[in-house]
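Read the structure below first, then the notes.
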Amino acid sequence: MADGSALFGVLGAALGASASTVATWLTLRGQLRREVAQREYTELTRWTADKRALFRDIHVTANDWAHLLRRVARQYTEPDLAAVSDDELRRAERAFHSALYEAALLCGAEVCDLVDETEDELLRLTAALGRSTDYLPAAPPEQATQAAAAALVNDFPILRDIRVRLMSAMRSELADRSTPRQ
């Protein structure tokens, strides 16, 4: 009988140790899952805040550039208006181009494509209004005068359409709250 009790004792101890090991493993696994979920939530929250700031910066720089272009267009009909310098336009162009690079790092494909399309249209408008850019030569004066007249009547409708689609894509991306692409 003593041998049977000892056997049951050893078996009970081994079973108890195994149960304890499994319980510890399950507890650690649960803690790890909670930590991973907390890190993912923190990262998601950080990316969302970064995207909001970037989206604001993109709109502000696009507005600044478009405002300068409106002033350039108005100079054709209002010669007394203060001139927009080439340096002002280049600063606006470079600020937007910088935001484009940040968008490539933080944003989804749809937003990146629309930011790129916005920059292309702003560059095209700048050149069409008779000002050169880092990427495009200035249009001849007679074409610039026509582009200015059209801008004063229509206020850059293609740019407006692109920016409306961009804002919609940005709202969708923020609502989706997806992590940045890798």
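The values are calculated or read from the model by the stated rules, or taken from the named source; none is laboratory data. Remember, it's a predicted structure, so these values are computed and weren't measured experimentally. Here the Cβ is made from the backbone with ideal geometry for all residues, glycine too, and neighbour counts use every protein chain on show.
Below, the figures for the structure above:
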quantity	calculated
Only listed residue being exposed (fewer than 11 other Cβ atoms within 10 Å of the Cβ), part of a helix (DSSP H, G or I) and among the small types (Gly, Ala, Ser), chosen from Ser98, Ser18	Ser18
Matching residues, segment 124-177, being over 28 Å from Leu106 (Cα atoms) and either touching a Ser or Thr at 6+ places or on another chain (Cβ under 7 Å) or of a type in the set (Val, Ile, Thr) (or both)	Ala127, Ala138, Thr145, Leu152, Val153
Matching entry among Ala128, Ala83, Ala147 (being surrounded by 14 or more Cβ atoms within 10 Å (Cβ to Cβ), out of contact with any Leu (no Cβ under 8 Å at 6 or more places or on another chain) and over 26 Å from Lys51 (Cβ atoms))	Ala128
Test: residue in segment 44-51 that is over 30 Å from Val153 (Cβ atoms), of a type in the set (Lys, Arg), surrounded by fewer than 17 Cβ atoms within 10 Å (Cβ to Cβ) and free of Cβ contacts under 8 Å to residues at least 24 places away in the same chain	yes
Leu136 vs. criteria of a type outside the set (S, T, N, Q) and either crowded, with 17+ Cβ neighbours inside 10 Å or closer than 30 Å to Glu40 by Cβ (or both)	no
Residue selected from segment 128-182 under the condition among the aliphatic types (A, V, I, L, M) and out of contact with any helix residue (DSSP H, G or I) (no Cβ under 9 Å at 6 or more places or on another chain), by the criterion modelled with the highest pLDDT	Val164
Residue identified as closer than 30 Å to Ala127 by Cα, hydrophobic (A, V, I, L, M, F, W, C) and modelled with pLDDT of 95 or more among Leu69, Leu81	Leu69
Pair list, Cβ under 7 Å, 6 or more apart: segment 116-140 residue over 12 Å from Ile158 (Cβ atoms) and without any contact (Cβ under 8 Å) to a residue 12 or more places away in the chain, other residue surrounded by 14 or more Cβ atoms within 10 Å (Cβ to Cβ) and not hydrophobic (A, V, I, L, M, F, W, C)	Ala138/Gly130; Ala138/Arg131; Ala138/Ser132
Residues being assigned to a loop (DSSP other than H, G, I, E, B) and either among the polar types (S, T, N, Q) or under 18 Å from Ala62 (Cα atoms) (or both) - total across segment 138-156	2
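Yes/no per residue for (1) of a type in the set (Phe, Trp, Tyr); (2) more than 10 Å from the chain's Cα centre (by Cα); (3) in a helix (DSSP H, G or I):
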| site | (1), (2), (3) |
| --- | --- |
| Leu105 | no, no, yes |
| Leu125 | no, yes, yes |
| Leu136 | no, yes, no |
| Ala175 | no, yes, yes |
